[in-house]
Amino acid sequence: MKKGVVRWSKRLARFLVSRVLRCGPIPKHVAFIMDGNRRSGGSRRMKRLSEGQEGHAYGFLQLKECLKWCLDLGIKVVTVYAFSLENFKRSAVEVETIMKLAEEKLNELAEERGFLDRHGIKVQILGDLDVLPQHVKAAACRAMKVSEHHEQAVLNICIAYTSLANMAEAVEDGTLKPDDVTDELFSESLYTRPVSQVDLLVRTSGETRLSDFLLWQSACACVQFQPVLWPDFSLWHLASAILQYQRSFSDLQ
Amino acid sequence: MAFSQLLLSMQKVIQEDQNGQSYHEVMRQRKEAGGLPRHIAIIMDGNRRYAKALGKPSSFGHLKGKERLEQVIRWVLGELGIQYLTVFALSMENLQGRAQWEVEELLNLMALGLEQISRDREIADKKIKVRVVGALESLPSRLRRAAEEAERFTERGGEGGTLTICIGYGGRQELLQAVKKLAKDYADGSIALESIDESSMKQHLYTPDIPDPDLMIRTSGEQRISNFMLWQAAYSELYFSPLPWPEFDEWALIGALDDYLSRTRRFGH
């Protein structure tokens, strides 16, 4: 009974927060640098959700929660930085753990389609997929195929990605005439097409840098650095980031 | 803004009392301890806000901003011995978007500053090199001439530091002009498709010989990059100061450096 009341009141709080925030401008495209999984090893809240899992696994559960909040708020495109090309230089054990987790979770997304179908989420995996292990690449393609006809919202997961590499590749791919090169054409050549602008960029864990993520697209984004670790990122943190975005909205125009 | 000013002036008093030292001493200590950034980039925002808070016209704010810049150049390149300083003086968006009279005033002020550089013996003695980057062709002729003169006057410098001033600059525009150059090279046959990579992009940016900024400071509380050095800022530590630029004094600079020194840079690893 008590658990039911708590759950109900949390749902009410989420509803009220989202109604209040929706009175102001809502960013169309929000990007997250989900930093702090390694330092966390799991918070108390996450432990309640799933016993015995490590920092990165918490991070994934947290991502699903965060995505639900974003959809409630009417955010159309969410891009997350899951794994950078530079992260491959980490220890082999860690890279392998992350790859296994990625494969597992992508398969999960592709198989239990309820979540994606209910919210009309199109999943796009952005990055140099050819450097990923075969199984991960296959899981990624499956997740994308299963949701490619959805149109209500987009979830971009950046794996084996760096902004600089994407931009260099965009140049290489296009056999362009110099006069054809424009802002719009370049934006169209990046992974995040057709969306070219990030409205709000949130990085957790207190580090204040972009780490080679969506550099072109974040040219005019409102950047919020929050000291909380990713597995502890709550709706209140997201709400505070959106409030900051709303505060600076008139200046951005 | 008044509250943050109060807070920061209290901090300043405490710092001076605790150490009993002048900022010269503190800067000398930071320099000797090492670990300082090799390249600092600054988005000098807040001149107009500063002037408005004092009930003065924005040209007053820009004038104070210019004075502050002169001081910061001395502190960064001189006292702290940091090799590279890049400042965002005027963006492409500002050039096109703001009122004509205000932009003209600002450009005249910049032209004046650059002309002063060409006559400043101190800059020559200290071997400071000055570069001006941005869409120079869309700037008025006085400013363009002053920029060329300042670059020529200081071209043999560099040992005492390099100051890069971005006027009429846009990060996306810089990237696009690099892409156009690469497209042209490809069309001419002077570059193969496979050799187009991150370093070839970097080579075609405005200042390929200057390393990427380690620390990027933006004043006046706004938390965004505003199309400044997008490529080069990939791994820069970002620092946002609530102070408007004319109030970004020696202690604020030391505060930014201390914050930088406390960070662990991982570059993705």
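Please treat every number below as a calculation from the coordinates, not as lab data. None of the values given here were measured: they were computed from a predicted structure. Backbone-built Cβ (ideal geometry, glycine too); neighbour counts: all protein chains shown.
Structural remarks
- The long axis of helix B:23-33 is offset from the longest Cα principal axis of chain B by roughly 50 degrees.
- Taking the longest Cα principal axis of chain B as reference, the axis of helix B:171-188 is set at about 20 degrees.
- Fully extending the segment from B:ARG266 to B:ASP197, taken as 0.36 nm per residue of separation minus the present Cα-Cα distance, adds 22.6 nm.
- Between the range B:83-137 and the range A:225-253, the alpha-carbon center distance in angstrom: 35
- Projected over every direction and averaged, the convex hull enclosing the alpha-carbon atoms of chain B yields 16.2 nm².
- Per principal axis, descending, Cα span of the range B:49-208 in whole Å: 57, 39, 26
- Over 27 Å (Cα to Cα) - which of B:LYS31/B:LYS129; A:LYS76/A:LYS145; B:LYS126/B:LYS181; A:LYS68/A:LYS137; A:LYS76/A:LYS100; B:LYS129/B:LYS202 fall in this group: B:LYS126/B:LYS181; A:LYS76/A:LYS100
- Within the same chain, lysines fewer than 8 places from B:LYS64 are excluded, and of the rest, those with a Cα less than 19 Å from its Cα are B:LYS52, B:LYS56.
- Protection proxy ranking for A:73-82, A:242-251, using the average of other Cβ atoms within 10 Å per residue and placing the highest first: A:73-82, A:242-251.
- Cα shape, the range B:120-269, gyration tensor, a/c 1.5 rule: oblate
- Residue among B:TRP231, B:LEU63, B:THR164 farthest towards the positive dipole end of the range B:37-259, charges placed on Cβ: B:LEU63
- Orientation-averaged projected area, Cα convex hull of the range B:32-106 (nm²): 6.0
- Dipole magnitude for chain A: computed about the Cα centre from +1 point charges on Lys and Arg Cβ and -1 point charges on Asp and Glu Cβ, it is near 1860 debye.
- The overall shape of chain A, judged from the alpha-carbon gyration tensor, is oblate: a/c is not under 1.5, and a/b is no greater than b/c.
- Where trypsin sites (Lys or Arg not before Pro) fall in DSSP loop in the range B:83-168, at most 11 other Cβ within 10 Å: B:ARG119, B:ARG156
- Average beta carbon contacts from partner chains per residue of B:179-191, 10 Å cutoff: 4
- Rounded to 10°, Cα long-axis angle of helix B:250-261 versus longest principal axis of chain B: 60
- Separation of alpha-carbon centers, the range B:184-221 and the range A:70-120, rounded to whole Å: 31
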